[in-house]
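**Q** Have a look at this one.
The values are calculated or read from the model by the stated rules, or taken from the named source; none is laboratory data. Keep in mind that this is a model prediction, so the values were computed, not measured. All Cβ positions, glycine included, derive from the backbone under ideal geometry; neighbour counts span all protein chains shown. Keep in mind that these areas ignore ligands, DNA and RNA; they rest on the heavy atoms of the full protein, side chains included. Shrake-Rupley method; radii C 1.70, N 1.55, O 1.52, S 1.80 Å.
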Amino acid sequence: MITPLTLHPDTTILLEPRYFGSIGWYAAMASCEYALVDYTSRYDKRRKLTHRTTIADVNGPLDLTVPISRPPLTDHDAGPLTWSDILVSPHDQWWNIHRVTLESAYGRTPYFEFYIDRFLPALTPGVVDRFPTLRELDTFLDREIRRILCLPGSQIVSRPKGDIVDMRRREPEPRAAAEWPPYYQVRAARHGFIPGLSILDLIFNLGPEAPLYLRKVLATD
């Protein structure tokens, strides 16, 4: 199914996994008819965005990171690790830190209370039991976000269809973040407009108008 945001019909975009992916990540996804989030690529500890997101906190941009761990040797063969193998760690009860930080950062935004419940399974005790692997955690969050953004046209597929746009080794940005049109941010008076943040910033600030902003980001004129 093609949506008004689709710029490349019969095209699959290949993406790396993301934890609460950026606005640019979702704009790129929306631009293609199909999306394939690749968890089969080799695990690389330098690729932090798979388990890190950046929000606008009271003091400006802030990174939230999910601690991860390798599987026990008894649970994994001698082959190379892929992102599908990586486990979510319970270290420091990170889910409490993320939830409280999001409440502090976005509790006064127009749509925080409307949407936050959708993400609580990933931000409350028991998350490591519900989503033991990074793949399960990121997939759950991605599914909820795509529903909020009404992106049925960016179907997740198991294998590429049509033409291929490979964005797996870099953060996809339809245009330079400095050129993005500003949107309402609850702390703009203090920090100015901050582009390139987590999709959560867009959802909590704009709510159902978030897809309209993605259309502006994708505009070429």
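**Q** What is the residue count in the range 111-141 for residues that are in a loop (DSSP other than H, G, I, E, B) and among the acidic types (D, E)?
**A** Residues that pass the stated criteria total 0.
**Q** Could you list all residues from the range 7-29 that are outside any strand (DSSP E or B) and over 18 Å from D44 (Cβ atoms)?
**A** L7, F20, I23, G24, Y26, A27, A28, M29
**Q** Provide a single number: the residues in the range 43-68 that are closer than 13 Å to L134 by Cα, open to solvent by 20 Å² or more (accessible area, probe 1.4 Å), touching an Asp or Glu at 6+ places or on another chain (Cβ under 9 Å) and not charged (D, E, K, R).
**A** 3
**Q** What residue, of T82, T6, T74, T40, is open to solvent by 10 Å² or more (accessible area, probe 1.4 Å), out of contact with any strand residue (DSSP E or B) (no Cβ under 7 Å at 6 or more places or on another chain) and either within 26 Å of R130 (Cα to Cα) or at pLDDT below 90 (or both)?
**A** Just one listed residue meets the conditions, T74.
**Q** Continuing with this model, one more query. Has the range 211-220 got any residue that is polar (S, T, N, Q) and modelled with pLDDT of 90 or more?
**A** For the range 211-220, residues polar (S, T, N, Q) and modelled with pLDDT of 90 or more: absent.
**Q** OK, next. Quick test for you: out of G126, G207, pick the one residue that is modelled with pLDDT of 95 or more and open to solvent by 20 Å² or more (accessible area, probe 1.4 Å).
**A** Just one listed residue meets the conditions, G126.
**Q** Given the residues L87, L134, which is the only one that is closer than 25 Å to K45 by Cα, touching a Lys or Arg at 6+ places or on another chain (Cβ under 9 Å) and modelled with pLDDT of 95 or more?
**A** Sole residue among the options that is closer than 25 Å to K45 by Cα, touching a Lys or Arg at 6+ places or on another chain (Cβ under 9 Å) and modelled with pLDDT of 95 or more: L87.
**Q** Is it the case, given these coordinates, that S158 is out of contact with any Ser or Thr (no Cβ under 7 Å at 6 or more places or on another chain), at pLDDT below 95 and surrounded by 18 or more Cβ atoms within 10 Å (Cβ to Cβ)?
**A** No, not satisfied.
**Q** Please find, within the range 142-152, the residue that is surrounded by the most Cβ atoms within 10 Å (Cβ to Cβ) out of those that are at negative phi and not in a helix (DSSP H, G or I).
**A** The residue in question is L151.
**Q** Would you confirm, using the coordinates I've provided, whether S104 is within 30 Å of R215 (Cα to Cα), more than 19 Å from the chain's Cα centre (by Cα) and open to solvent by 10 Å² or more (accessible area, probe 1.4 Å)?
**A** Criteria met by S104.
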